[in-house]
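*Asks:* Following this message is one structure expressed as structure tokens.
The values are calculated or read from the model by the stated rules, or taken from the named source; none is laboratory data. The model shown is predicted, which means the values in this text are computed figures rather than measured ones. Counting neighbours? That spans all protein chains shown, and the Cβs are built from the backbone with ideal geometry, glycine included. In case anyone asks, the SASA skips ligands and DNA or RNA and just uses the protein heavy atoms, side chains included. Shrake-Rupley method; radii C 1.70, N 1.55, O 1.52, S 1.80 Å.
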Amino acid sequence: MGVDIELFERLADLSARFQPEGRTLMLGRHSFRVEDHIKHKFDRILRKKGLDLTHEELVQEDGYCETLMRKLGFGDMETLDFSDYEGATILHDLNRPVAAELEGQFDLIFDGGTIEHVFNVPRALETVFRMLKPGGRFISANGFNGWPAHGIYQFNPELVWTFWGRNCGCKVHDCRGIQKRPRGGNYHIEFKDPAETGKRMRLKGKIPEGRMYLYYEIEKTRGSAMKDLVLQSDYETKWHSHGNAGATRLDDEMAPQ
């Protein structure tokens, strides 16, 4: 994928809240193009977010998004990809462990639709975690609904809360579904942590037709540490304390100190 108007709006919003100081990285080299019939919408977003920029200043001739990211304050982004066919600066297969020299190197990692094309998703997510610095953020937008045959997977918000929130101890700043425009309108739905209620998300009738992204922002804190226990929230609640079930995170939390 690339940075379309939906992701542009989220990145413009993020730029007012977070400015990385060190190295930044995108997974895959994402495109950025502004269609003539919605140019005014990009400029309207920039004004709304208080950014003294126009869409013309953000577009680069080769159609990629490095200029956009730099102008928004995200630095000179490096690119990690399987191949250098689009000019990636770091060659790495996300199905495999990352090299030690890349661990703890990045203040911002952006995935605008790459991990959905990677078969070994757990390995790819672990790689992102290892590459982030404490205080660094991972920004992801991958298919949630309406993307048949686009990638290998579509993703659910449960992944954000179980893997990033509980397994890694990261702070979830945002987790939402975003409907793709202009065909689909401008619909957002916020996804809360199911562990807060112990019940699975009830989304029937709340998800409109058409393509939607799962968009989320997480922060790796100094206390974040990746464990090996990733259980779906509602099942974890049901299995907790049952004698014929394996140990759960809740068992550990509620054990006598």
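*Asks:* Scan the range 89-117 residue by residue and report those that are within 23 Å of V230 (Cβ to Cβ), under 14 Å from the mean Cα position of the chain (by Cα) and part of a loop (DSSP other than H, G, I, E, B).
*Replies:* G113, T114
*Asks:* Which of the following residues is under 15 Å from the mean Cα position of the chain (by Cα) and charged (D, E, K, R): R23, R47, R10, R17?
*Replies:* After ruling out the rest, the residue left standing is R10.
*Asks:* Among all residue pairs at least 6 apart or on different chains, which show Cβ distances below 9 Å where the first residue, located in the range 227-241, is at negative phi and the second is assigned to a helix (DSSP H, G or I) and open to solvent by 60 Å² or more (accessible area, probe 1.4 Å)?
*Replies:* Matching pairs, first to second residue: L229/D252; V230/P122; L231/W239; S233/E196; H240/M254.
*Asks:* A further question follows. Name the residues in the range 222-257 that are touching a Gly at 6+ places or on another chain (Cβ under 7 Å) and either modelled with pLDDT under 75 or open to solvent by 40 Å² or more (accessible area, probe 1.4 Å) (or both), would you?
*Replies:* G223, A225, T237 - these are the residues of the range 222-257 that are touching a Gly at 6+ places or on another chain (Cβ under 7 Å) and either modelled with pLDDT under 75 or open to solvent by 40 Å² or more (accessible area, probe 1.4 Å) (or both).
*Asks:* I'd like the full set of residues that are in a strand (DSSP E or B) and free of Cβ contacts under 8 Å to residues at least 24 places away in the same chain, limited to the range 137-194.
*Replies:* Across the range 137-194, the qualifying residues are H188, I189, E190.
*Asks:* Answer with yes or no whether V121 is surrounded by 21 or more Cβ atoms within 10 Å (Cβ to Cβ) and not acidic (D, E).
*Replies:* When the stated conditions are applied, V121 does not pass them.
*Asks:* When the residues of the range 159-168 are filtered to those that are open to solvent by 30 Å² or more (accessible area, probe 1.4 Å) and in contact with a Ser or Thr (Cβ under 9 Å, 6 or more places away or on another chain), which remaining residue is farthest from R211 (Cα to Cα)?
*Replies:* R166
*Asks:* Related question: Residue check: is R29 surrounded by 15 or more Cβ atoms within 10 Å (Cβ to Cβ), free of Cβ contacts under 8 Å to residues at least 12 places away in the same chain and either among the charged types (D, E, K, R) or assigned to a loop (DSSP other than H, G, I, E, B) (or both)?
*Replies:* The answer is no for R29.
Rundown of residues vs (1) assigned to a loop (DSSP other than H, G, I, E, B); (2) among the β-branched types (V, I, T); (3) open to solvent by less than 40 Å² (accessible area, probe 1.4 Å), yes/no style:
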{"site": "L14", "(1), (2), (3)": "no, no, yes"}
{"site": "R17", "(1), (2), (3)": "yes, no, no"}
{"site": "E21", "(1), (2), (3)": "yes, no, no"}
{"site": "H40", "(1), (2), (3)": "no, no, no"}
{"site": "E61", "(1), (2), (3)": "yes, no, no"}
{"site": "M69", "(1), (2), (3)": "no, no, yes"}
{"site": "F74", "(1), (2), (3)": "yes, no, yes"}
